[in-house]
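The values are calculated or read from the model by the stated rules, or taken from the named source; none is laboratory data. Remember, it's a predicted structure, so these values are computed and weren't measured experimentally. As a convention, Cβ positions derive from the backbone with ideal geometry for all residues, glycine included, and neighbour counts pool all protein chains shown.
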Amino acid sequence: MSRRVRVHAFLAAATVSQSGSHPTSNLLGVDYWYEVPADAEFPRLIGRLDLFSRLYLERAKETEFFVSIRWLDSPTKQGRQAVRFGPFRVNFQRHEVVRDHVFRVINIRLQGVGRYSIRLIREAQPNWRGQRFVVLGETGFYVQR
């Protein structure tokens, strides 16, 4: 796994598309609020979420990324457990210095109203605390009725 990847931007959007001779990223539906109807029942699914990331590279090698989503306002400790998506394997070209990449997450289960944290992580060698993952980027959204 490469340690030569840094994340400059990481945000959630309804749709991300790329166009042009050098890919220009179009971020559509960037919002930190997700509204559900007043009579909505939980758990509730979000069909798709695009996570835009701008990666800065220094001779980076193939890397596996994971996306972790956690409900921060859960009344129970079990509800706060993160749901992990991935691995998303990304191959980098030797000459690349910067790359826009979209991680598409499908069927996100919302457990209730409140704050949600989204993290872009990669696996690493365990540190002195035994932690095996490095957080590269973090964003979030708020679910309200």
**Q.** Members of the range 9-46 that are loosely packed, with under 10 Cβ neighbours inside 10 Å and aromatic (Phe, Trp, Tyr)
**A.** 33
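Please find, within the range 69-117, the residue that is nearest to residue 41 (Cα to Cα) out of those that are of a type in the set (Gly, Ala, Ser) and modelled with pLDDT of 90 or more.
112
Table: residues versus (1) under 18 Å from residue 140 (Cβ atoms); (2) touching a strand residue (DSSP E or B) at 6+ places or on another chain (Cβ under 6 Å); (3) polar (S, T, N, Q).
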{"position": "9", "(1), (2), (3)": "yes, yes, no"}
{"position": "41", "(1), (2), (3)": "no, no, no"}
{"position": "50", "(1), (2), (3)": "yes, yes, no"}
{"position": "68", "(1), (2), (3)": "yes, yes, yes"}
{"position": "71", "(1), (2), (3)": "yes, yes, no"}
{"position": "90", "(1), (2), (3)": "no, yes, no"}
{"position": "117", "(1), (2), (3)": "yes, yes, yes"}
(Q) Given the criterion buried (at least 16 other Cβ atoms within 10 Å of the Cβ) and farther than 27 Å from residue 29 by Cα, identify the matching residue among 60, 124. (A) 60
Q: Determine whether residue 3 is surrounded by 14 or more Cβ atoms within 10 Å (Cβ to Cβ) and either modelled with pLDDT of 90 or more or not hydroxyl-bearing (Ser, Thr, Tyr) (or both).
A: no
Q. Within the range 87-139, how many residues are within 30 Å of residue 22 (Cβ to Cβ) and either of a type in the set (Gly, Ala, Ser) or in a strand (DSSP E or B) (or both)?
A. 24
Q) Does the range 63-80 hold any residues that are assigned to a strand (DSSP E or B) and out of contact with any Asp or Glu (no Cβ under 7 Å at 6 or more places or on another chain), and which are they? A) 63, 65, 66, 67, 68, 69, 70, 71
